[in-house]
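**Student:** Take this structure, written in C-alpha cells, and hold onto it; I'll ask about it next.
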Amino acid sequence: MQRLPSIRRFAAIALIPLVSLSALALWPRAGEAQGTRPPPPAGEHRALFPICAGPSRVTCVVDGDTLWLRGTKIRIADIDSPEISRPGCPREARLGRQATERLRQLLNAGPFTLLPPPDGRSEDRYGRQLRIVHRDGESLGETLVKEGLAARWGGPRPRWCGSEGV
C-alpha cells in the first residue's frame, strides 16, 4: 500500500511541467490581439496596443503620432503631436502623455487601415513608414486634432507651451 502514494506523487510532479507548458502556449503574446475573433479583412489591421516600454518594440504606441505594428515603425503622416521624450515645458509633457494614451485607445477600439499620404511620401528621414490611420473613412489623426491633442501636419509648428516654453 505504500506504493500508491508514491505513484500519485510522481504523476503529479510529472504533470506540473506539462500543464505549465500548455498554459504558456495559450498565453497571449505581448502586444498582439488574441481571442476567437476572425481576422480583419484584407488591408485592415487589428492588434492590442500597449504603450511602448523597454527596447523590444513589436506592436505598441510610442507617442501621439508614432506606433509600432508587427515590427514596423509607423509615423502618422497627417498630424504632429506634443513631444514626450523631450518636451519643451510641463504642459507639452502632459499633452504628449494624453495624446499617447488617446492614440492607444483609438487603435485598440477596432480594425483600422493604413493609407499612404496623398503627397506620395512613403518614409520620413528617420526611416519610419508614413501612413494615415483610418477607421470607417475617418482619420484617427483628425480625431486627435479635434480633441486638441495634435495639430494637422504641414501647418504652422504647434506652440504646445505658449509663453511657458523654451
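**Student:** Tally time: how many residues in segment 122-166 are acidic (D, E) and in a strand (DSSP E or B)?
**Tutor:** 2
**Student:** Another question, then. Mind counting the residues in segment 73-107 that are under 21 Å from P118 (Cβ atoms), part of a loop (DSSP other than H, G, I, E, B) and among the hydrophobic types (A, V, I, L, M, F, W, C)?
**Tutor:** Total meeting the criteria: 1.
**Student:** Another question, if that's okay. Does T66 fit the bill of being of a type in the set (V, I, T), at pLDDT 95 or above and exposed (fewer than 14 other Cβ atoms within 10 Å of the Cβ)?
**Tutor:** In short, no.
**Student:** If you don't mind, there's one more thing I want to ask. Kindly indicate whether G137 is loosely packed, with under 14 Cβ neighbours inside 10 Å, within 25 Å of A47 (Cα to Cα), modelled with pLDDT under 95 and out of contact with any helix residue (DSSP H, G or I) (no Cβ under 8 Å at 6 or more places or on another chain).
**Tutor:** The answer is yes for G137.
**Student:** While we're here: Looking at segment 52-66 only, could you name the residues that are within 18 Å of E147 (Cβ to Cβ) and free of Cβ contacts under 8 Å to residues at least 60 places away in the same chain?
**Tutor:** V61, D63
The values are calculated or read from the model by the stated rules, or taken from the named source; none is laboratory data. None of the values given here were measured: they were computed from a predicted structure. Quick reminder, even Gly has a Cβ in these numbers, built from the backbone with ideal geometry, and neighbours come from all protein chains shown.
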